[in-house]
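The numbers here are math on the coordinates, done by the rules we state, and not lab data. Nothing here was measured: the structure is a model prediction, and the numbers come from that model. Cβ coordinates were reconstructed from backbone atoms using ideal geometry, including for glycine residues, and neighbour counts include every protein chain displayed.
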Amino acid sequence: MQDAESGDQRWVDTGSKSVRSAWQRWWYDHQQQMSVALRRAGVDSVSIATDEDYVASLMSLFKKRS
């Protein structure tokens, strides 16, 4: 992996089940914290996976807002 800001590089063993589990836990916690912060700030948000149609998700968000 390479840090986009510093350029530092680090090897991540994605073949390790414990590394994948730790990353998954971190990502889930990060998403939850972000969701709570956005709700508290009154900001609408939508989560869009890279393998899904973004138009449907955005249309759903816009309908919810109106």
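In this simple spin-label model, placing a label point 7 Å from the Cα along the Cα-to-Cβ direction at both Ser6 and Ser18 gives a separation of 2.3 nm.
When Rg and Dmax are taken over the Cα atoms of the chain, they come to 16.3, 46 Å.
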